[in-house]
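Notes to accompany the following structure.
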Amino acid sequence: MGRLSSGFYYIKSKKGKVFKVYCDMTSERNSAWTLVLSYSYGNVSNFRKSLIESFSVDVDNPNWNHYRLPRKKMKTVMEISTHWRITCSFPVFGVDYIDYLRASFIDFDPLGFHTSGDGVCKKVEVINIRNYNCKNCTALFKQEKLIEPLHYYDYEKLCYFGGMIDRNLNKNEYFGKYEIKRVDPLFRCTSGPKQTTNMWFGGYV
């Protein structure tokens, strides 16, 4: 059997509707990943919607700069997945586990996650920000409908991982949201207007 290659594929929902997606079959050994959301830092103002909300961008044209599947189609992909991950500028760096996040849906369901106030400690399998990292640990996440998208909030050490990345500079929003005053220019997702944040659903075989 030949090895599957990365590229465009089609997924069928339970209702029989077919839609086009981009799949990564090669960046991590024995795994397959479907791109569900991707945007450049220059386009961040158009992507400040939570994953709780139904919102779509360029749904028929998977791309790196301005793309998001609607919630129903994300759920279709989630049903055949065990994990989710976020990469930074995947077309440039691929997966070298720097500026990288991965969690299982059992431990952390981003489509059902809702917070208010200071956020919630959630278990992740891997989190790496500028080579600060941990595995199988908790980190602080926030997401609130109509207010803020999913993101990791590095401010105080409220969870096992946290409060260590340029705290004195108040640069503390990673893997989403990215308000100007809180953006870290050394983080790959936000190091320039063309750098991208990429969210994937998938798993290991």
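The values are calculated or read from the model by the stated rules, or taken from the named source; none is laboratory data. Note that the coordinates shown come from a computational prediction; the quantities given were computed from them, not determined experimentally. Glycine gets a Cβ as well: all are built from the backbone with ideal geometry, and neighbour counts include every protein chain shown. Heads up: the accessible areas ignore ligands, DNA and RNA and are worked out on the full protein's heavy atoms, side chains in. Shrake-Rupley method; radii C 1.70, N 1.55, O 1.52, S 1.80 Å.
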Let me cross-check THR115: its accessible surface, 1.4 Å probe, with only protein heavy atoms counted, in Å² to the nearest 10? 10 Å²
Considering only C-alpha atoms, what is the centroid distance from segment 89-153 to segment 30-60, in Å? 15 Å
Is the shape of segment 131-205 best called rounded, prolate or oblate, per the rule: a/c under 1.5 gives rounded, else a/b larger than b/c gives prolate, else oblate, with a ≥ b ≥ c the square roots of the Cα gyration tensor eigenvalues? rounded
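In a shell of Cβ-Cβ distance under 14 Å around PRO149, excluding PRO149 itself, what net charge do Lys and Arg (+1) and Asp and Glu (-1) give?
+3
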Among rounded, prolate and oblate, which fits segment 10-71 when a ≥ b ≥ c are the square roots of the eigenvalues of its C-alpha gyration tensor, a/c under 1.5 means rounded, and a/b larger than b/c means prolate? oblate
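Rounded to the nearest percent, how much of the accessible area of the chain (1.4 Å probe, protein heavy atoms only) is carbon and sulfur?
Values: 5140 of 10130 Å².
Here it works out to 51 percent.
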Suppose each label sits 7 Å from its Cα in the direction of the beta carbon; what would the ASN61-HIS114 distance come out to in nanometres? 3.4 nm
Treating cross-link reach as a plain straight distance, find the lysines whose alpha-carbon is under 24 Å from the alpha-carbon of LYS171, omitting any fewer than eight places away in the same chain. LYS49, LYS122, LYS123, LYS135, LYS142, LYS145, LYS157, LYS181, LYS194
Cysteines not pairable in the chain (beta carbon separation under 4.7 Å absent): CYS23
If you roll a 1.4 Å probe over the heavy atoms of the protein chains, what accessible area per residue do you get for segment 34-104, in Å²? 40 Å²
Within the set ILE127, ILE86, ILE52, GNM on the chain using Cα springs under 10 Å gives the largest fluctuation to ILE52
With all protein chains modelled, accessible area of LYS135 [1.4 Å, Å²]: 150 Å²
Across GLY16, GLY112, GLY42, the residue with the highest GNM fluctuation in the chain (Cα network, 10 Å cutoff) is GLY16
Taking the chain as a Gaussian network, Cα atoms linked when under 10 Å apart, which of ASN63, ASN128, ASN46 shows the biggest mean-square fluctuation? ASN46
